[in-house]
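Down below is the structure, laid out as structure tokens.
None of the figures in this text is laboratory data; all of them are computed from the coordinates on show. Note that the structure is predicted; figures quoted are calculated from it, not measured. FYI the Cβ positions are ideal-geometry reconstructions off the backbone, even for glycines, and counts take in every protein chain you see.
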Amino acid sequence: MAKTALITDDTAFMRMTLRNILEKNGYKVVAEAGDGKEALEKYKQHKPDLVTMDITMPNVDGITAIKEIIAFDPEAKIIVVSAMGQKALVIDALNAGAKDFVVKPFQPDRIIEALQKLVG
Amino acid sequence: MDVLQVKIADLQAARNSGLLITVGLGSCLGVSLYDAQNKVAGLAHILLADSKPFKENGRFGNPAKFVDTAIPLLMKKMTALGGIPEKFVAKIAGGSQIFYSANNLSNIGEKNIKAARKILDFYQVPIVGEDVGGNYGRTMRLFVNSGRVLISTAGKGEREI
Amino acid sequence: MFENNLDHGKIDIIKELANIGMGNSTTALSAMLGEQKVAMDVPEVSLVALQDVPELLGGADIPVIGTYFESRGELRLVLFFVMSQPSADKVVNFLLPKETKVDTELYNSVLMEAGNIMIGAYLNALSQLTNSTLLSTPPKMAADMAGAVLGTIAAEAMIVDDQLILLKTNIKVSELEVEGSILIVPCSGSLEKMFSLLGVR
């Protein structure tokens, strides 16, 4: 069965881009979220196998959302996809429980590689 | 005709003839004042509502930036040109919200409009025309000999207030 | 001509940081545009009167479209990536898959994401050089007269200094016939902070 994914990004364009990449590679996108708050809600609702998470978002940012999702499900598999590739942020995200960090702009292969590492 | 450009955070006054113009009001507020009897006109392009927070930290600078300091300064300039404050009438334009974002829409334009109403009321200057709010920029022209104010917006043409 | 104790040595440092940061932005833009060549002018550092800022984009009445960000970490910066409408149209068309139905929300989100990636790249470089963390606000976008857009940014970011230090560079994507500019204003006190992070006296 196809692995399920939740896409989190504040811009519709990036959600669309990630959806296209994931679907082309056999993943099933079960939900999209536009901020960290929505990401937690959608995670609880769908329990996806994978989550992509932006950092800079309105309301609740990505790092906070990672912490909240991990608190709800310590097994959550979250990869960060963000334009902000600064060392301290990568460390924060990994400490919060993210499994990988992809800096935008990215090649589609880089996203798939990160996801495959997590779910095989 | 003499044309006086009013830039961002700027104000100008003139008497008898000429044109005062300010281009590109976004969240900024254009305030025009006019004394019809003495043909004295003034126009300000104002950035923010309140000077107080900036007075405290020493970053105040040019008073034309703030509603509460620009309006009295404009009145003073016009009085120096022979205008009589009791005769002043105001027309205001701008205070729009031109930025689009996922949320967190700010209300700087609205605050500017509100502050101008309050300050003009304090000085007992009636507002006789306005074109404020919305989500587009405006250009404001004030004719010194008549007090006519024309507002133009890209794609929306020109109107008198 | 510079106030705020900016000597030539410090101006050179600001220029070099702008060069590296904006270079990172153009590299990111190039990667987004399928590795097309993106040319960048040498960044200019200037002291500009607040009233004259619209002249930098050709005048207050020039129509522009741009995305604006604030960095609110250790250094407070205002960052603005701006293009003409035809250039923006070309970027959006290039980035969207063929035959995508483009509504305003999608159009805006493409530009906001492009701005986000470029500004993110700038902040990433500056973060590394200053060993600090620089977070950005989510993007805001406007299409209007240069005067209206820049005046609104000044108001939003509470830039009320009568004189501003402004960094600017122009970029050009020849193949796509796209031209744009990056404007950056360090908010009051941020340059001093940056020099202290760099250990420059």
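For the reader, a short list of remarks on this structure follows.
- Of B:91/B:156; C:15/C:193; B:7/B:111; A:42/A:87, those spanning more than 26 Å from alpha-carbon to alpha-carbon: A:42/A:87
- Residue C:37 sits among other residues whose Cβ lies under 13 Å from its own Cβ, and their net charge, with Lys and Arg +1 and Asp and Glu -1, is -2.
- Backbone phi angles across segment C:145-158, fed through the Karplus curve with coefficients 6.51, -1.76 and 1.60 (θ = phi - 60°), yield HN-Hα couplings of 5, 3, x, 5, 5, 5, x, 5, 4, 4, 5, 4, 8, 6 Hz in residue order; Gly and Pro are listed as x.
- Eligible lysines near residue A:37 by straight Cα distance, threshold 16 Å, same-chain separation 8 or greater: A:47, A:67
- Test item: B:137-146 mean partner chain Cβ contacts at 10 Å: 2
- In terms of the mean number of neighbouring beta-carbon atoms within 10 Å, the peptides A:7-15, C:57-65 order highest first as A:7-15, C:57-65.
- Projected label distance in nm at residue B:86 and residue C:16, using a 7 Å step from Cα toward the beta-carbon: 6.8 nm
- In straight-distance terms, cross-link reach from residue C:172 covers every one of the aspartates and glutamates whose alpha-carbon lies under 13 Å from its own, apart from those fewer than eight places away in the same chain; here that gives C:41.
- Dividing the helix sum by the residues of chain C, where each DSSP H run of 4 or more adds -39500 (n - 2.57), gives a mean residue ellipticity at 222 nm of -14000 deg cm²/dmol.
- Extension gain from residue A:44 to residue A:91, taking 0.36 nm per residue of separation minus the Cα-Cα distance: 14.4 nm
- In this calculation the C-beta distance from residue A:23 to residue B:37 is compared with R0 = 41 Å, giving a FRET efficiency of 0.05.
- Scattering curve values for the protein assembly as shown, log₁₀ I(q)/I(0), Debye with Cα scatterers, q = 0.08, 0.13, 0.14 Å⁻¹: -0.53, -1.16, -1.27
- With the simple spin-label model, which puts each label point 7 Å out from Cα in the Cβ direction, the residue C:47 to residue B:145 separation comes to 4.3 nm.
- Among residues other than residue A:99 with Cβ under 11 Å from its Cβ, the summed charge is 0 (Lys and Arg +1, Asp and Glu -1).
- Partners of residue B:76 within straight-line reach, counting aspartates and glutamates whose Cα lies under 17 Å from its Cα and excluding those fewer than 8 residues away in the same chain: B:10, B:35, B:68, B:86, B:121.
- Mean ellipticity per residue at 222 nm, deg cm²/dmol - from DSSP H runs of n ≥ 4 across chain B, formula -39500 (n - 2.57): -6500 deg cm²/dmol
- Distance-filtered residues of segment A:12-31 - backbone nitrogen under 15 Å, label point 7 angstrom along residue C:105 Cα→Cβ: A:12-17
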